[in-house]
Structures are given as C-alpha cells and as structure tokens.
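Q: This is the structure I have questions about; it appears just below.
The values are calculated or read from the model by the stated rules, or taken from the named source; none is laboratory data. Keep in mind that this is a model prediction, so the values were computed, not measured. So basically every Cβ, Gly included, is an ideal-geometry build from the backbone, and we count neighbours across all protein chains shown. What goes into the accessible areas is simple: the full protein's heavy atoms, side chains included, and nothing from ligands, DNA or RNA. Shrake-Rupley method; radii C 1.70, N 1.55, O 1.52, S 1.80 Å.
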Amino acid sequence: GEKPNGGGAFSGAQQTHGAADVRGHALRSCRRGESLVRRASAAGNPRNNAPERSLNPVQTFLKPMKGLWGQLIPMASMFFWMALANGLLDALKDTLVVTAFGGAEQIPYLTVYAVLPMSFVFVGVFAKFSQRWGREKIFYVFLGTFMAFFAVFTWFLYPNAAVLHPTAFAEQLVLTLPKGLAGGVAVLTNWVYSLFYVSSELWGDVILSLLFWGMANETTRLRDASVIYPLLGVGANVAQATSGAITKWVSGTWQPDVPHDQVWGVKLRFLMTIVMCCGVAIAATHAYIMRRKHLADGGAGKEAARVASQKVEDDE
C-alpha cells in the first residue's frame, strides 16, 4: 500500500504559521506607527511640554469647591441669618424671663410644660401639611408665623404687658395652691414673656434645624453634601460672634436718649428689629436658592411637589 504523505501536511502547517507571523508583525508595526504619530503630535503641542504646576495649600484646600460656590454662599448666608436671629433671641428670652420672674426657677416649667408640647405641635403640623403644601410653601408659612408673632410682641404685647398680665388673680392663686406650684403660677401670670420664651426656643428647633436642613437636603446632591455641609458651620460661627458683639454693644455701650424707664424698651425694639430683618433676609435667600434649583432641573421638582400635593388632596 501507499504511505501517507506526512511531508505535505507539515508543509501546509508551516505555510499557515508563516502567514500568521506576517500578519502579527504587520499589526505590531501599525501600532508602533500610531504611537510615533501620537508622540510627534504631543511634542508639537506647547501645552504638553509645559511642566505641571503644583497647587499651593490654599488652592489644594479650595479645589473640592470648584463649581460649588454658587450653592455654598447662599446656603451659608441663610444659615448666618438664622443663627444671628437665634443668638439675639437667646439673649433676650433669658433676660426677660429671669428679670420678670425674679429668678431662673421658672425655666424648667417653661421647658417641660410649654416648649416640649409646642415642639410636638409644630412637628405634627409639619408632618400633616408638608405633603399637602410642599416643603417650599410650608417654609414660608412657618417663617411668616414666627415673624408675625415677633412683630406683635415687639409693638403690642411687650408695651402692654403690665395690663395684660393677671397679677391680682395670680396673687390669690398663689395663696391657695401649694408652694411647689409657684413656678407654674408665675409662668401663667407672665404669659406674654412665656410666649416669647417658647417662640424663641422653637426658632432654633423649627427654623434652624427642621426647615433649613430640609431645604439643604432637597437642593444638595449627595456627592456634594460631604463638601458643603461641614462648611455651613462657618456661617453659624460668624453669626454667634456677631450676635454676641451686638448684644454687648446694646446692653453696655449704647445709651439711648430716652427716660430711664424706657431704655430697655428701646433696646428690645432695636434687637427685635434686627431679628425681623433677618427674617426678611432668610425669605429672600430661600427664594433665590429655590429659583436656582427650579432653573437647574427645568421645574421638575416644583411639578413633582404639585403632583404630590394634588394626590394628597385627591386621597382625602
């Protein structure tokens, strides 16, 4: 019989292997050519020949803020106005209560039996109406409520506190009730100052905590929050220093040219006017922030809030 032609098979395999080597060599040559072209192009670009500039410490610190200043500055400004008003209200409420009540023993009654229940009331109102009205609208409602009360207190309640307080009734009540309830009687008797104390305490809880951070969470992207949120404390710290300086000047240096019994009333009106100006600045800054947000998302967020509000009304 005939022997198999092994030499022909070996020759065919050798030819196939040689063709593959030729194609691989051609591919490597092509890649080397592309690499040389890129290097030549880079060498001809003067920008690529320039050494990289090293950032100084200030530039390194500010680098994460690139593109975020337009959001940080309005939010920090609004936080500043809120904290400034909070600092002034804290100084006023403590002074009024301690002076009018003749001591600080009534403050626990105010905190437990007035501030705490009203905090639950505000949280309940917020939970009930936030979906119906939307967070943006309820922000203005709550802010307007505080500003309206502070205006009424400054121009009507405080000047007429002596007439509005049931002093004679309280004196009879103290004689009939146990001595341990004297603090509660004082809270009811000086109800004008008690209302102011409660409102001032709630300002920090409702406006500074609940409403501000609700707005911040709504308008800040998650990846930007880690950069923006820690820097918001700068506005609060500056506000605390500013409120302290204003309070020190008003209580010590400034002496208005009025009769002695009217000095405190003039100073209180001055400080409360600053607080109400802070309220106007807060509303204007919030409107600016929300306008930027609505322009950025094309009104999608506003439309979503309207749809959610309509759905709540339909469900009811």
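Q: For the peptides 250-257, 233-240, 278-285, what is the packing order when you average, over each peptide's residues, the other Cβ atoms within 10 Å and list the highest mean first?
A: Peptide ranking by packing, descending: 278-285, 233-240, 250-257.
Q: So how exposed is Y140, as accessible area in Å² (1.4 Å probe, rounded to 10)?
A: 80 Å²
Q: Sort V187, V163 by heavy-atom solvent-accessible area, probe 1.4 angstrom, most to least.
A: From most exposed to least exposed: V163, V187.
Q: Ok, one more. With a point put 7 Å past each Cα toward its Cβ, work out how far K137 is from T167 in nm, to one decimal.
A: 4.6 nm
Q: While we're on this one: By how many nm would the segment from E105 to C277 grow when fully extended, if each residue of separation counts as 0.36 nm and the alpha-carbon distance is taken off?
A: Computed gain between E105 and C277 is 58.7 nm.
Q: Another question about this same structure. Could you give the accessible area per residue of region 193-236, probe 1.4 Å, as a whole number in Å²?
A: About 40 Å² of surface per residue is accessible.
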